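Worksheet for the structure shown next.
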Amino acid sequence: MPYPYVLLSAAVSLDGCLDDTGPERLLLSSPADFDRVDEVRAASDAILIGAGTIRADNPRLLVNSEKRRAARVAAGRPEYPLKVAVSASGDLDPTANFWHTGGDKILCTTDRGAARASTLGITQHATVVPLGPHLNWPDLLEHLHDTRGVRRLMVEGGGTIHTQLLQQELADELHLVLAPLLVGDPKAPRLFGPGTYQTGRLRLLETRRIEDVVLTRYVPTAPGTGARVTPADRHWLALACDLAAQCPPSDTAFSVGAVVVAADGTELARGHSREGGDPVVHAEEAALAKITPSDPRLPTATIYSSLEPCAHRASRPHPCARLILTSGIRRVVTAWREPDTFVQSADGTGTLTAQGAQVLVLPQYEERAKAPNGHLVG
């Protein structure tokens with residue numbers, strides 16, 4: 001099920017604390033970084049925080065720049081992003097700044113929490129969305145995507161929410177600001193709690209000094225297993241689509257990109273159609289040729305291809321579906337089923353699944369995969 005792109009944003013001390021235990025909020029970011037956060041907010045469709053953050057910080061959660069708000073309106077968007085509060089109990093102060101500033105607001109809660117929020121009068125200031133007897137992140141994200149039209153969601157806390165989204169592999173990106181402070185209090189709130197997180201290392205996208213703080217941006221890398229799609233699956237498939245755009249153009253073959261990724265998130269190889277001046281090489285073929293066939297990581301690896309691997313071809317003895325099966329890979333993620341442009345009844349998926357492979361098609365990337373092939377498919 002499609003979810004919004006979920007971006008976690010937080011600032012921590014050198015010892016990993018979100019705040020101290022004093023009566024006033026500990027300011028960890030610099031003025032320039034607050035402006036960067038404002039920019040990220042302006043680019044988001046919604047901003048989400050938990051009940052604990054509302055109680056502890058009483059934030060307004062606004063886009064402060066008039067220029068950025070004007071740009072949103074000029075683009076046909078609301079002046080402010082949708083503000084989303086999450087509380088299982090619904091027991092929130094109706095006079096909090098969150099409810100009285102900015103544009104539209106919703107409270108995602110339980111059935112019991114919705115009754116409590118109504119009693120408190122929060123329904124006068126926000127739309128209350130009961131999600132059943134328990135809060136469930138997939139249901140909440142699905143509601144934001146399908147009902148509220150949220151495509152990019154910025155999550156600003158607190159630590160419990162960040163922890164849950166990472167542990168459930170629902171976070172697409174992490175913006176972490178490191179402040180030159182040490183809190184040292186064992187009772188101070190920390191960004192991440194204990195528990196089981198995804199395997200593998202996160203991939204570092206950016207490191208940037210902003211006055212006296214450092215911003216780091218990370219994305220997850222470990223593929224899902226079986227039919228479970230993770231944010232890392234989406235990142236790798238997007239990369240495969242980007243690789244397709246690097247293909248030399250052709251009137252007789254598709255432009256395709258492919259990436260092979262080990263279970264721990266290590267990229268094993270990548271390739272694209274007609275790579276290296278070979279006019280007939282396919283993307284999956286080019287990528288697999290760069291990996292030692294005996295590599296023990298192949299049986300648990302995932303291959304991402306912008307177009308369904310071919311089941312028939314005239315230019316080489318073996319189609320890409322057969323090459324994938326021979327390699328030992330049994331999980332394939334693709335954006336677009338092969339049309340009948342060159343081969344009638346093309347069905348690489350059928351070839352793969354008949355031999356026990358799992359094939360996942362993520363249609364939200366289909367247009368991106370088609371883009372370098374517009375001259376072939378219209």
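The values are calculated or read from the model by the stated rules, or taken from the named source; none is laboratory data. All values reported here derive from a predicted model rather than from experimental measurement. For neighbour counting, all protein chains shown are included, and Cβ atoms are generated from backbone atoms with ideal geometry for every residue, glycine included.
Quick one: would you say residue 204 is in contact with a strand residue (DSSP E or B) (Cβ under 9 Å, 6 or more places away or on another chain) and either assigned to a loop (DSSP other than H, G, I, E, B) or within 14 Å of residue 28 (Cβ to Cβ) (or both)?
Working: in contact with a strand residue (DSSP E or B) (Cβ under 9 Å, 6 or more places away or on another chain): yes; either assigned to a loop (DSSP other than H, G, I, E, B) or within 14 Å of residue 28 (Cβ to Cβ) (or both): no.
Against the criterion (in contact with a strand residue (DSSP E or B) (Cβ under 9 Å, 6 or more places away or on another chain) and either assigned to a loop (DSSP other than H, G, I, E, B) or within 14 Å of residue 28 (Cβ to Cβ) (or both)), residue 204 does not qualify.
Is it the case, given these coordinates, that residue 131 is more than 18 Å from residue 61 (Cα to Cα), free of Cβ contacts under 8 Å to residues at least 24 places away in the same chain and not small (Gly, Ala, Ser)?
Yes; evaluated as a whole, the condition is true for this residue.
On the basis of being surrounded by fewer than 20 Cβ atoms within 10 Å (Cβ to Cβ), more than 27 Å from the chain's Cα centre (by Cα) and in contact (Cβ under 8 Å) with a residue 60 or more places away in the chain, does residue 341 make the cut?
Details: surrounded by fewer than 20 Cβ atoms within 10 Å (Cβ to Cβ): yes; more than 27 Å from the chain's Cα centre (by Cα): yes; in contact (Cβ under 8 Å) with a residue 60 or more places away in the chain: yes.
Considered against the rule, which asks whether it is surrounded by fewer than 20 Cβ atoms within 10 Å (Cβ to Cβ), more than 27 Å from the chain's Cα centre (by Cα) and in contact (Cβ under 8 Å) with a residue 60 or more places away in the chain, residue 341 comes out as yes.
If the requirement is being without any contact (Cβ under 8 Å) to a residue 12 or more places away in the chain and small (Gly, Ala, Ser), which of these qualifies: 265, 277?
After ruling out the rest, the residue left standing is 277.
Which of the residues that make up the range 266-277 are over 24 Å from residue 228 (Cα atoms) and either in contact with a helix residue (DSSP H, G or I) (Cβ under 7 Å, 6 or more places away or on another chain) or surrounded by 14 or more Cβ atoms within 10 Å (Cβ to Cβ) (or both)? Before you say what the answer is, go through the steps one by one.
Restricting attention to the range 266-277, the residues satisfying the condition of being over 24 Å from residue 228 (Cα atoms) are 271-277.
Selection gives 271, 272, 273, 274, 275.
Find the residue count for the range 354-378, including only residues that are surrounded by fewer than 15 Cβ atoms within 10 Å (Cβ to Cβ), under 27 Å from the mean Cα position of the chain (by Cα) and not aliphatic (A, V, I, L, M).
Result for the range 354-378: 4.
Which of the following residues is closer than 20 Å to residue 172 by Cα and polar (S, T, N, Q): 29, 44?
On the way: 29 fails: closer than 20 Å to residue 172 by Cα.
When all the criteria are applied, what remains is 44.
Applying the selection to the range 254-264, what residues are crowded, with 22+ Cβ neighbours inside 10 Å and assigned to a loop (DSSP other than H, G, I, E, B)?
Hits for the range 254-264 are 254, 255, 256.
Can you name the helices (runs of 4 or more DSSP H) wholly within the range 1-112 that have at least 1 residues being of a type in the set (D, E, K, R) and either modelled with pLDDT under 95 or within 26 Å of the chain's Cα centre (by Cα) (or both)?
31-42, 51-57, 66-74
Could you tell me which of the residues 60, 41, 36 is out of contact with any Asp or Glu (no Cβ under 8 Å at 6 or more places or on another chain), crowded, with 21+ Cβ neighbours inside 10 Å, in the same structural domain as residue 111 (by TED's automatic domain parsing) and not β-branched (Val, Ile, Thr)?
Values: 60 fails: crowded, with 21+ Cβ neighbours inside 10 Å; 36 fails: crowded, with 21+ Cβ neighbours inside 10 Å.
None of the others qualify; the one that does is 41.
Could you tell me whether residue 102 is in contact with a Ser or Thr (Cβ under 6 Å, 6 or more places away or on another chain) and surrounded by 14 or more Cβ atoms within 10 Å (Cβ to Cβ)?
Taking the combined requirement at face value, the residue does not satisfy it.
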